[in-house]
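Working notes for the structure below.
Since every read-out is calculated from the coordinates, none of them should be taken as a lab result. Just so it is clear, the model here is predicted, and its values are computed rather than measured. Cβ placement follows ideal geometry from the backbone for every residue including glycine, while neighbour counts extend to all protein chains displayed.
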Amino acid sequence: MPLEVGIGKDEKSLEFKLVFKPEAFYWVLTPEIDHLNSVTGKYIDLYSEVKFRPVESVHLRKLINDVKERIATKPDYWQECVGKQTFPEEKEIYKKVSKYKFLEFIYELELIVKESEDQNLIVVFDGD
């Protein structure tokens, strides 16, 4: 199951609203996720869960704004590195990313963060 984003008052009331699909969207966000981790100690991971309280949403908004600024000069489509193959030969694996689709995804994430702030809800990133 891919990484999902949900909001709720607590873990029992979570409503999942967004899926990192295609998974390449996660890799586009990697520099901003790494920065978020260095500031908050929280890491958005494909394989675990992390929660952000409404007071921490400032960090999620910064992540969103930073990635929008970084990809502003990207072409309509680009190849994003999503991993490394080690056998039978070592090489990086790339996936095509649509700037338009990625910006739609970021807009949805922005709406989730705003809703969490407005309604005092936690944001949860839940990996498989």
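Roughly speaking, what is the stretch gain from Y107 to E15, that is 0.36 nm per residue apart minus the C-alpha to C-alpha distance, in nm to one decimal?
Length gained between Y107 and E15: 31.4 nm.
Nothing charged except the Cβ atoms of Lys and Arg (+1) and of Asp and Glu (-1): what's the magnitude of the dipole of the chain about its Cα centre? Round to the nearest 20 debye.
260
As I understand it, the value is the acute angle between the Cα axis of helix 30-40 and the longest principal axis of the Cα atoms of the chain; what does it come to in degrees, rounded to 10?
The two axes meet at around 40 degrees.
Before rounding to the nearest 500, sum -39500 (n - 2.57) across all DSSP H runs of length at least 4 in the chain and divide by the residue total; then give [θ] at 222 nm in deg cm²/dmol.
-13000 deg cm²/dmol
Most mobile of L111, L36, L46 per a Gaussian network model of the chain (Cα springs, under 10 Å)?
Largest GNM mean-square fluctuation: L111.
Report the net charge of residues surrounding V5, where surrounding means a beta-carbon distance below 9 angstrom and charges are Lys +1, Arg +1, Asp -1, Glu -1.
Residues near V5 contribute -2 overall.
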